[in-house]
1. Answer yes or no as to whether A167 is of a type in the set (A, V, I, L, M), exposed (fewer than 15 other Cβ atoms within 10 Å of the Cβ) and part of a helix (DSSP H, G or I).
2. Can you name the strands (runs of 3 or more DSSP E) wholly within segment 36-137 that have at least 3 residues being at positive phi and modelled with pLDDT of 85 or more?
3. Any residue in segment 60-71 that's within 16 Å of N40 (Cα to Cα): show its pairings with residues that are in a strand (DSSP E or B) and among the hydroxyl-bearing types (S, T, Y) at Cβ separation under 7 Å, as long as the two are six or more apart or on different chains.
Amino acid sequence: MNTRIINIVLVICFLAVLTSCATIIDGRKQTITFQSSPTNAIIRIDGNEIGKTPLTIELYKKESQMLTFEKRGHQLVTMNMDTKINPAFWGNILIGGVIGSTTDVSTGAIYEYSPGQYVVTLDPKMSSGLKGDILQTKKNQARLFLFRNYKNLEIDLSQNSGDYLNAMLVALNIPEANKEIVVQEIKTIMFNQNDPAEFVNITLKKFFNT
């Protein structure tokens, strides 16, 4: 009887070892590489600085972490550190059932960062002068489009659809969610004005805030 009990205990211990296979094989940490162009960008995970690019480091496996790259004079880059289920986790379920899967969840071995390398390009911040130049260029392009296609826009607006209408919304930088409202506003402007030049001026003033 004692021998049988001992054998049962040994089997349970053996299964316990097998059921933590993802933790043993892959561990609680994963080696991750961070790179940026230009280099020397500050890397933060959930707001905590971990170093500067280029950087290769071992991180504890977690899900739903926020990664940011920050460099003076450049726009901030933010992204989620995506994870996937470690394939060894499914082996745990087959071999050890609930006990093994619980072990992996508690240690973090259930997760695996995917990808294991993050490479970003940091865009320079635009000066207010440059932003103004870009805005003025877009405004001039929109003015030219409205003048040249006034008659076609009049037809499309009366039908609430058409290629010229869609192109006008793009020229005015109208978000998709606001298109229906904007179309009604522009229809009102057009049909209250007999002068194409006045229509163009009012429209640009309204949607470019100038």
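The values are calculated or read from the model by the stated rules, or taken from the named source; none is laboratory data. What you see is a predicted model; the values in this text were computed from it and never measured. Backbone-built Cβ (ideal geometry, glycine too); neighbour counts: all protein chains shown.
1. Working: of a type in the set (A, V, I, L, M): yes; exposed (fewer than 15 other Cβ atoms within 10 Å of the Cβ): no; part of a helix (DSSP H, G or I): yes.
The answer is no for A167.
2. Working: elements: 42-45, 48-52, 55-60, 65-70, 77-81, 83-85, 111-113, 117-121.
Passing ranges: none, list empty.
3. Pairs found: L67/Y118; T68/T78; F69/S36.
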